[in-house]
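Presented below is the structure to which this report refers.
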Amino acid sequence: EARSVEPDGRVDLTLEIWQTAGGRQEREIWDGGMEFVDDWDTETALAYDPDRDEITRITDPEWFDPGKRGLPSPDGLDWGTGNVSDDLAQLLDRARRGEENIRLVGETTIQGVPVHELRIERTVRTTVRPVAGEDPRDLPTRQAKIFRVIYVDQERFLPVRIVEGGPGEWVNSITDYNTAERLPRTPENERLLRMSPHPGAETVIEDDLP
């Protein structure tokens, strides 16, 4: 269970996240009842909107195109979501070996928990902000530096806090993990990766995302 906030107050939500090692299957439930399920192996994506009582099934192939949306990345991070998609103990070892763009900043304490502070940086291409009526797919792009700081429990190697931001050390979001645990991959636990039943909900197909 985690709480994610944006400093400007636009987003402040509590969510539950279940995911497999590597982040290739993932399910999120937000406070208010929004629910999301992604499976990169079967290329299945579902989103439930409780206000509309509607399930959206995403069939646009670009949703799972690594060059368009960002497949779970080789540095073990699911950028832009506040989630971690890989083994943080391995990520810590890579930082200690001096791997490029991954740095062990030091040790500190978050919410009373002793943590390692890891900083990861990446240069990405981003679309220039559109004006009203413009199709963002037709806009020029530019390079931008983004960063993620992960505070890793020193004993259990699980996330305690994730901070994401961009140019000029601008902070985009802060995610605190109130509860984090590893579960064995049993049939019972695998059910946690599936969408909840929503009897009567309408299903719509989205095959051309912007």
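The values are calculated or read from the model by the stated rules, or taken from the named source; none is laboratory data. All values reported here derive from a predicted model rather than from experimental measurement. Using ideal geometry, Cβ is built from the backbone for each residue, glycine included, and neighbour counts are taken over all protein chains shown. The area values use the complete protein model at the heavy-atom level, side chains included, leaving out ligands, DNA and RNA. Shrake-Rupley method; radii C 1.70, N 1.55, O 1.52, S 1.80 Å.
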In the range 21-61, the residues that are in contact (Cβ under 8 Å) with a residue 40 or more places away in the chain and over 21 Å from Thr186 (Cα atoms): Glu35, Leu46, Tyr48, Arg52, Asp53, Glu54, Ile55, Thr56, Arg57, Ile58, Thr59, Asp60
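Look through Arg156, Arg129, Arg137, Arg122 and report the one residue that is at pLDDT 85 or above and open to solvent by 60 Å² or more (accessible area, probe 1.4 Å). Write out each step before concluding.
Numbers: Arg129 fails: at pLDDT 85 or above; Arg137 fails: at pLDDT 85 or above; Arg122 fails: at pLDDT 85 or above.
When all the criteria are applied, what remains is Arg156.
In this structure, is Thr108 modelled with pLDDT under 90, open to solvent by 50 Å² or more (accessible area, probe 1.4 Å) and part of a strand (DSSP E or B)? Give the steps one after another, and end with the answer.
Working: modelled with pLDDT under 90: no; open to solvent by 50 Å² or more (accessible area, probe 1.4 Å): yes; part of a strand (DSSP E or B): yes.
No, not satisfied.
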Can you tell me which residue within the range 47-69, out of those that are open to solvent by 30 Å² or more (accessible area, probe 1.4 Å) and under 16 Å from the mean Cα position of the chain (by Cα), is modelled with the lowest pLDDT? Arg69
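Would you please name the residue that is modelled with the lowest pLDDT, looking only at residues in the range 33-42 that are part of a loop (DSSP other than H, G, I, E, B) and surrounded by 14 or more Cβ atoms within 10 Å (Cβ to Cβ)? Walk me through it before giving the result.
Taking the range 33-42 and keeping what is part of a loop (DSSP other than H, G, I, E, B), we get 33-34, 40-42.
If we keep only those that are surrounded by 14 or more Cβ atoms within 10 Å (Cβ to Cβ) too, we end up with 34, 40.
Numbers: Met34: 94, Trp40: 84.
Applying the filter and picking the extreme gives Trp40.
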Got a sec? Which of Trp79, Trp30, Trp18 is aromatic (Phe, Trp, Tyr), at pLDDT below 75 and under 20 Å from Glu1 (Cα atoms)? Trp79
